[in-house]
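Worksheet for the structure shown next.
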Amino acid sequence: MMRLLRIEWNKIQPYRAFRILIGLYLVSFIALPYSMERIPFLQNWQQLFEFPTIWFSYYFGAEFLSFALAIIVITITTNEYSNRTFRQHVIDGLSRNDLVTGKLLLMAVLAAVLMILLVVNGYIAGMLNAFEADYSGAWIKAGYIPGFFLHTVGIMAFSFFLGNLFRRTGLAIFAFIAWVFPVELILRGLLAGVAKDGGMISDRLPVAVIYSSNVDMGEMFSNPTAILNLNEFIPGSLGLENSLMKIGWTVVFFGLSWWMIRRRDL
Amino acid sequence: MLENVLKTQALAKSYGRIKAVKSLDLEVPDGAVFGILGPNGSGKSTTLSMLLGILTPDSGSFSWFGQAPEPAQRKRIGALLEQPNFYPYLSARKNLEIACLIKECSPTRVDIVLEQVGLLARAESAFKTFSTGMKQRLAIASALLADPKVLVLDEPTNGLDPQGIAEVRELIIQIAKRGKTILLASHILDEVEKVCTHVAVIKQGQLLAQGSVMEILRNQHQVELKADDMEALERALSAYEPAAERRRVGNLIVLSMTGEPDGSALNRYLYDQGLVLSHLRVHKKRLEESFLEITAKA
Ligand SMILES: Nc1ncnc2c1ncn2[C@@H]1O[C@H](COP(=O)(O)OP(=O)(O)OP(=O)(O)O)[C@@H](O)[C@H]1O
Ligand SMILES: [Mg+2]
């Protein structure tokens, strides 16, 4: 396992595009809880970056940055096809399962490291933003911390799947953007029109699931009582259902990737 | 004692309607330098790809070292298949370090093989800055990395300069001397003839002949003939028994003889039929001629 991880790390660590993208991501990721508190988009906005709501806000803000992770995963996946290195790895003695396992490990470790960073940085930001030095309730909404891990792994699994499906960087990135913006939204609209329970199905589409924060944002911004009572309006975690669905899509995307790599002539 | 390092049974692969390999049976003895000969598109690379796990055969089977194929066996096989595959942005050394992690060999091997192919001075240069021949050399270095029991080389001298070609051939001979088995696909007959102990000839995915170079060359002697009236000569020779084969090559007729050729007997035989030869030459057959003969028959 460590061997597969070292192989993956040796490939990407000197890679310029990876360094730049992950650098930009990390800078934004760290700055996020300090910068967003300066955007007064709600009456009661300060609350969002105090304990314990900060865990939700950090999660929510970080979702937007995941786009960079998607680009990274798509690039390193499609590179294996354009450099024909997946093929060479198999010739050299890796199994096809190893090809998937290596990437899976890399993504899990990356998501875990980012989660730890979120905890440390979120806690520092929460302390700086706190009115008084009472941190007893700091972890009430900490359920968003593992939620962030699930979101990150989910979006990377989706990107890995697209990378394997299209094998060309530009094509896979285009497919990602197309799916996130128009395609899934159109599907949602169609499903809502067709089935009575259209909402039920459309809420289970991959991007909707991976990007769900378990909070109705429209309601949060428009409902005055919600704004005044953010602490009560925002739940403590993603909830069981959404967590399971995130895991479900992750399994599906890795499963499909595994199936493609197993069957394919490399 | 292991008899065959590699054995394939009725191996077959199609790409859609194109049958690239049809029911191939190969046996590669331990320690052999085994040449796979065939014209362009005859299925050499396809065969090697199946043997190295990157193509799944449609039917048939093969075994390495007497065992069913599995990925771990390939750590002990050094392979160079068609073009070199490396990360363009990584240096030669870093690329080999990755291959080394995959093959689980000692990291000290990296410098040794770079030295062997003459790339040590350029070890820190990115792969994408290499010339075609340097890329090919790096791929050969990578194949040698794990000090493999078996080397699989698909046109290893592709893109090399004459010096490089000679070096690679010398390297192959040296490696073979250390008791390693080498599987070499090529359409360069000269290359195969110079280094191989065994050959298999394939055409359109079909095995035409297989055996030691000696066996394939068993019709060892050839006779070239020329006369003023070539048609009459051809007619006369059609009934000449010691000739196994008769071919027209340019303005000559070439006979492959079954036994030791007797030039004066042949000359007398033709003279008796009223033919006077303007050219008669007896020589040993080369692989090129056997190859053309075998592939022309099919
Ligand atoms: N990916 C592919 N898709 C479709 N057909 C292919 C593919 N690869 C090879 N073929 C076909 O399979 C046949 C065998 O090709 P292969 O590359 O094995 O030949 P080869 O003996 O290695 O030739 P060469 O000496 O030119 O390298 C050819 O007819 C080729 O067109
Ligand atoms: Mg070929």
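The values are calculated or read from the model by the stated rules, or taken from the named source; none is laboratory data. Owing to the predicted nature of the structure, the values given are computational and were not obtained by experimental measurement. So basically every Cβ, Gly included, is an ideal-geometry build from the backbone, and we count neighbours across all protein chains shown. With ligands, DNA and RNA removed, areas are computed over all heavy atoms of the protein, side chains included. Shrake-Rupley method; radii C 1.70, N 1.55, O 1.52, S 1.80 Å.
Return yes or no: is residue A:134 of a type in the set (Asp, Glu) and within 14 Å of chain B (Cβ to nearest Cβ)?
Numbers: of a type in the set (Asp, Glu): yes; within 14 Å of chain B (Cβ to nearest Cβ): no.
The answer is no for residue A:134.
Which of the residues spanning the range B:124-162 are within 16 Å of ligand 1 (Cβ to nearest atom), within 12 Å of another protein chain (Cβ to nearest Cβ) and among the acidic types (Asp, Glu)?
The one that is within 16 Å of ligand 1 (Cβ to nearest atom), within 12 Å of another protein chain (Cβ to nearest Cβ) and among the acidic types (Asp, Glu): B:154.
Can you say whether residue A:64 is buried (at least 17 other Cβ atoms within 10 Å of the Cβ), at pLDDT 90 or above and within 24 Å of residue A:180 (Cβ to Cβ), as far as the supplied structure shows? I'd like the intermediate steps shown before the answer.
Details: buried (at least 17 other Cβ atoms within 10 Å of the Cβ): no; at pLDDT 90 or above: yes; within 24 Å of residue A:180 (Cβ to Cβ): yes.
Against the criterion (buried (at least 17 other Cβ atoms within 10 Å of the Cβ), at pLDDT 90 or above and within 24 Å of residue A:180 (Cβ to Cβ)), residue A:64 does not qualify.
Pull up the range B:74-123, narrow it to residues that are part of a strand (DSSP E or B) and surrounded by 22 or more Cβ atoms within 10 Å (Cβ to Cβ), then point me to the one that is nearest to the other protein chains (Cβ to nearest Cβ). Give the steps one after another, and end with the answer.
Pass one, the range B:74-123, residues part of a strand (DSSP E or B): B:77-80, B:91.
Next, from what is left, pick out any that are surrounded by 22 or more Cβ atoms within 10 Å (Cβ to Cβ): B:77-80.
Working: B:77: 8, B:78: 9, B:79: 5, B:80: 9 Å.
So, considering only residues that are part of a strand (DSSP E or B) and surrounded by 22 or more Cβ atoms within 10 Å (Cβ to Cβ), the one nearest to the other protein chains (Cβ to nearest Cβ) is B:79.
Quick one: residue B:294 ticks every box in (1) open to solvent by 60 Å² or more (accessible area, probe 1.4 Å); (2) in a helix (DSSP H, G or I) bar one, so which box is it?
If we test residue B:294 against (1) open to solvent by 60 Å² or more (accessible area, probe 1.4 Å); (2) in a helix (DSSP H, G or I), just (1) comes out false.
Of these, B:205, B:164, which one is open to solvent by less than 10 Å² (accessible area, probe 1.4 Å), farther than 28 Å from residue B:109 by Cβ and among the small types (Gly, Ala, Ser)? Spell out the reasoning first.
On the way: B:164 fails: farther than 28 Å from residue B:109 by Cβ.
The conditions single out B:205.
Of everything in the range A:89-123 that's within 14 Å of the chain's Cα centre (by Cα) and open to solvent by less than 20 Å² (accessible area, probe 1.4 Å), which residue is farthest from the other protein chains (Cβ to nearest Cβ)?
Within the range A:89-123, the match that is farthest from the other protein chains (Cβ to nearest Cβ) is A:118.
For residue B:210, which of the numbered conditions (1) in contact with a His (Cβ under 9 Å, 6 or more places away or on another chain); (2) open to solvent by 30 Å² or more (accessible area, probe 1.4 Å); (3) farther than 30 Å from residue B:13 by Cα fails to hold?
It fails just one condition, (3).
Identify all residues within the range A:212-247 that are modelled with pLDDT of 95 or more and open to solvent by less than 30 Å² (accessible area, probe 1.4 Å); write none if there are none.
A:246
How many residues, within the range A:174-211, are assigned to a loop (DSSP other than H, G, I, E, B) and at pLDDT 90 or above?
Pass one, the range A:174-211, residues assigned to a loop (DSSP other than H, G, I, E, B): A:195-197, A:203-205, A:211.
Keeping just the survivors that are at pLDDT 90 or above gives A:211.
Counting residues in the range A:174-211 that are assigned to a loop (DSSP other than H, G, I, E, B) and at pLDDT 90 or above gives 1.
Residues that are without any contact (Cβ under 8 Å) to a residue 12 or more places away in the chain and away from ligand 2 (no atom under 16 Å from the Cβ): find the helices (runs of 4 or more DSSP H) completely inside the range B:168-270 holding 1 or more of those.
Helices (runs of 4 or more DSSP H) meeting the threshold: B:213-216, B:230-237.
Select from the range B:36-73 the residues that are among the aliphatic types (A, V, I, L, M) and open to solvent by 10 Å² or more (accessible area, probe 1.4 Å) and list them in ascending order.
B:55, B:68, B:72
Which of the residues belonging to the range B:278-291 are outside any helix (DSSP H, G or I), touching a residue at least 60 places away in the same chain (Cβ under 8 Å) and not charged (D, E, K, R)?
Pass one, the range B:278-291, residues outside any helix (DSSP H, G or I): B:278-286.
Adding the requirement that they be touching a residue at least 60 places away in the same chain (Cβ under 8 Å) leaves B:282-286.
Within the range B:278-291, B:282, B:283 meet the criteria.
Matching residues to (1) in contact (Cβ under 8 Å) with a residue 24 or more places away in the chain; (2) more than 13 Å from ligand 1 (Cβ to nearest atom); (3) over 19 Å from residue B:186 (Cβ atoms):
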| position | (1), (2), (3) |
| --- | --- |
| B:30 | yes, yes, yes |
| B:35 | yes, no, no |
| B:43 | yes, no, no |
| B:47 | yes, no, no |
| B:50 | yes, no, no |
| B:61 | yes, yes, yes |
| B:64 | yes, yes, yes |
| B:70 | no, yes, yes |
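Here are some conditions: (1) under 30 Å from residue A:48 (Cα atoms); (2) of a type in the set (A, V, I, L, M, F, W, C); (3) not in a loop (DSSP other than H, G, I, E, B). Residue A:171 meets all but one. Which one does it not meet?
(1)
Condition check: of a type in the set (A, V, I, L, M, F, W, C) and outside any helix (DSSP H, G or I). Does residue A:138 satisfy that? Give the derivation first.
Working: of a type in the set (A, V, I, L, M, F, W, C): yes; outside any helix (DSSP H, G or I): yes.
Yes; evaluated as a whole, the condition is true for this residue.
List pairs: first in the range A:63-88 and under 19 Å from residue A:155 (Cβ atoms) and within 14 Å of chain B (Cβ to nearest Cβ), second assigned to a helix (DSSP H, G or I) and among the hydroxyl-bearing types (Ser, Thr, Tyr), Cβ under 7 Å, 6+ apart or cross-chain?
Final answer for the pair search is A:75/A:169; A:78/A:169.
Looking only at the range B:16-24, decide whether some residue is surrounded by fewer than 18 Cβ atoms within 10 Å (Cβ to Cβ), of a type in the set (A, V, I, L, M, F, W, C), modelled with pLDDT under 95 and more than 16 Å from ligand 2 (Cβ to nearest atom).
No, that holds for no residue.
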